[in-house]
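These notes concern the structure reproduced below.
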Amino acid sequence: MNTAAAALTKLPSHRDVVYELRSVSKTFALRRIQALDKVDLRLERGSFSSVIGSSGCGKSTLLKIMAGLQSPSSGSVVLAGTPVMGTRRDIGMMFQHATLFPWRTTLENIVLPIEIRDGKHAARAKHEDARRLLELVGLKGFENVYPNELSGGMAQRAAICRMLITEPEVLLLDEPFSALDELSRDFMNMELQRICMAREATAFLVTHSIPEAVILSDTVYVMRPRPGRVVEEVPIDLPRPRTLDMITTPRFGALVEHIRSRLDKEAL
Amino acid sequence: MSATDLNDGLGEGSASTIVDTVWTEETSWLDRVPRAVSMLALFLAFLAVWQVVTMLGIISPIIMPTPAEVGRDLVTVALNLLAGDYMLGAMWITAKEVFFGFAIAITVGFSLGVLVGETSFGERAVMPYLVAIDTMPKIAFAPLFVAWLGFDIASKVALAAFIATFPIIVGTAAGLHAADTNARMLFKTMGASRWQTLVKLKLPTGLPHFFTGLKIGSVGVMAGAITGEFLGGGKGFGELIRVAASMLDTPRVFSLILYLSLIGLALFAFVNWVQRHFVFWHKARVAQSD
Ligand SMILES: Nc1ncnc2c1ncn2[C@@H]1O[C@H](COP(=O)(O)OP(=O)(O)O)[C@@H](O)[C@H]1O
Ligand SMILES: [Mg+2]
């Protein structure tokens, strides 16, 4: 076994690129809004990236294009070597609202993606996996509870399980915790980090909270509106695993300050 | 404990003066009367006014019988019904019309509702016609149904179904539009087919709307059956009412109407029961928001 080669592959610069966006633009025909202008992105396998920008600058549009929910007006999106044309099985998504279905128990909600993909029988076979996931996010014992009885944070945790049940290659997260109160939000962010590290998942997070982006990411993409474009790629060199204590360190403060200054210029 | 400490710390007043500040919001005495009592009181007051007005001869007894007369007739009709006499037969006929009318309305209404709510062909081409027909006074079609289907039960079933179908179409179609963009997007990311999205997302989401349509329809189906009997004869309850009215037997008309409403009530209660059984999550959500 070649130890040198093994060591090389572990270096971040040699990690392979999972997602590649080349000069992706999007113009909405209606009122001719240019939502995205020549966005380039390269996400490495196992990395955590965030995109931050004011609301309306095209973050969700970017995510939808990456997920294959919308087509770009021009440019290319490639995931794991194949172009994204329509929705894909190797993508897991999460939105601001948990969107659990009230007529299904928590467990049934979690296996829904399997049920849709492979049928009821396959979904039942995944119940054991779903239970393990519930345990992972601290929802053990809530398998047969209906979503109406879950709090906002619990519902989002169930939504995480639903996203993970198909073992997706990439996680696309659109402000997943922005509807939660700050305490739950911090907690959920740490949970998210733990889950991503444990599964070596590639994650892409949309947020408008600078501290959230910094604490979670290896790279933060700063977006500016009208038209939406990435103006800077900020590498976050804080050590892993990140902890909430890091928020008070000078390095964290400096990174937040830097990103804020890049955003503020466009607020005019 | 800590409250007294605090109080002492302030060095003012004595700890023994602390009283529980339990208080309730004031409500008017009328709102505090139990529901059953207020309903009964209102009913008795209504009867009293009715009795007084008729006794004083303000209204001719032929037009308006006294409550006592109606009460006596209610007993007569009840005895006839219980004995399984001709009135029970008439009620059975009307119940059958209502049942078949409702069954047809649900089948046709649901199918058309899915067509209109799910396909853009339905929404753009079919819906305008349905709206146009819906705005017509549907009862005016009764003579046509009689001409086409005869004086038997079929013409009444048709009119009842015709009236009840539209609210069910509207309820179904509205329900199919009720799923929000997030849920649709989620289904899209999961790679759901159109059929799966319909069955696993849109239909369950739309159930409360569908049941609202059913409830409105259940009222319409009664009106349709009775109107059909008024205009097309037959041997149903509507015919009994018509005959009683033509003989100026107003107490009988009143008591027949009351018994007739039992069919409507039973139908409505049944729909309500089915809804609570199938849309269990909706009730839970309402309770939570209280
Ligand atoms: N389907 C659409 N049709 C027309 N305009 C849209 C559509 N979706 C988004 N937009 C516009 O594109 C811009 C970016 O929207 P979005 O990506 O949702 O922003 P963000 O998620 O950053 O808040 C906004 O100006 C929005 O009004
Ligand atoms: Mg957004």
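The values are calculated or read from the model by the stated rules, or taken from the named source; none is laboratory data. Every value quoted in this text rests on a predicted model; they were computed, and no experiment measured them. Neighbour counts run over all protein chains shown; Cβ positions are idealised from the backbone, glycine included.
If you go through region A:119-130 one residue at a time, do you hit one that is under 20 Å from residue A:186 (Cα atoms), surrounded by 15 or more Cβ atoms within 10 Å (Cβ to Cβ) and not assigned by the TED database to the domain that holds residue A:200?
No, because not a single residue in region A:119-130 is under 20 Å from residue A:186 (Cα atoms), surrounded by 15 or more Cβ atoms within 10 Å (Cβ to Cβ) and not assigned by the TED database to the domain that holds residue A:200.
Do we have any residue at all in region A:103-118 that's away from ligand 2 (no atom under 16 Å from the Cβ), in a loop (DSSP other than H, G, I, E, B) and buried (at least 22 other Cβ atoms within 10 Å of the Cβ)?
Within region A:103-118 (the criterion being away from ligand 2 (no atom under 16 Å from the Cβ), in a loop (DSSP other than H, G, I, E, B) and buried (at least 22 other Cβ atoms within 10 Å of the Cβ)), the answer is yes, since at least one residue qualifies.
Report yes if residue A:127 is out of contact with any Gly (no Cβ under 9 Å at 6 or more places or on another chain) and within 16 Å of ligand 2 (Cβ to nearest atom), otherwise no.
No; evaluated as a whole, the condition is false for this residue.
So which of A:201, A:159 ends up being modelled with pLDDT of 90 or more and more than 16 Å from ligand 2 (Cβ to nearest atom)?
Going through A:201, A:159 in turn, the sole match is A:159.
Is there any pair with a first residue in region A:97-125 that is free of Cβ contacts under 8 Å to residues at least 12 places away in the same chain and a second that is buried (at least 17 other Cβ atoms within 10 Å of the Cβ) and small (Gly, Ala, Ser) whose Cβ atoms are under 7 Å apart and which are 6 or more apart or on different chains, and what are they?
A:115/A:123; A:116/B:191; A:116/B:192
When the residues of region A:49-58 are narrowed to those that are modelled with pLDDT of 90 or more and crowded, with 24+ Cβ neighbours inside 10 Å, which ends up farthest from ligand 2 (Cβ to nearest atom)?
In the first step, residues of region A:49-58 are kept if they are modelled with pLDDT of 90 or more; the result is A:49-52.
Cutting the leftovers down to crowded, with 24+ Cβ neighbours inside 10 Å gives us A:50-52.
Details: A:50: 13, A:51: 10, A:52: 12 Å.
In this case the residue turns out to be A:50.
Inspect region B:269-277 for any residue being more than 14 Å from chain A (Cβ to nearest Cβ), closer than 27 Å to residue B:149 by Cβ and assigned to a helix (DSSP H, G or I) and give the result as yes or no.
Going residue by residue through region B:269-277, those that are more than 14 Å from chain A (Cβ to nearest Cβ) are B:269-274.
Subsequent filtering for residues that are closer than 27 Å to residue B:149 by Cβ retains B:270-271.
Of the ones still in play, those that are also assigned to a helix (DSSP H, G or I) are B:270-271.
Yes - at least one qualifying residue is present in region B:269-277.
Kindly provide the set of residues from region B:22-52 that are assigned to a loop (DSSP other than H, G, I, E, B) and loosely packed, with under 11 Cβ neighbours inside 10 Å, ordered by number. Give the derivation first.
Filtering region B:22-52 for residues assigned to a loop (DSSP other than H, G, I, E, B) gives B:22-28, B:33-34.
Those that are assigned to a loop (DSSP other than H, G, I, E, B) and loosely packed, with under 11 Cβ neighbours inside 10 Å: B:22, B:23, B:24, B:25, B:26, B:27, B:28, B:34.
Being away from ligand 1 (no atom under 15 Å from the Cβ) and in a loop (DSSP other than H, G, I, E, B) is the filter here; which residues of region A:180-234 pass it?
A:180, A:181, A:200, A:201, A:217, A:218
Which is within 14 Å of chain A (Cβ to nearest Cβ), among the hydrophobic types (A, V, I, L, M, F, W, C) and either surrounded by 22 or more Cβ atoms within 10 Å (Cβ to Cβ) or touching a strand residue (DSSP E or B) at 6+ places or on another chain (Cβ under 8 Å) (or both), of B:162, B:187, B:237?
Answer to the check: B:187.
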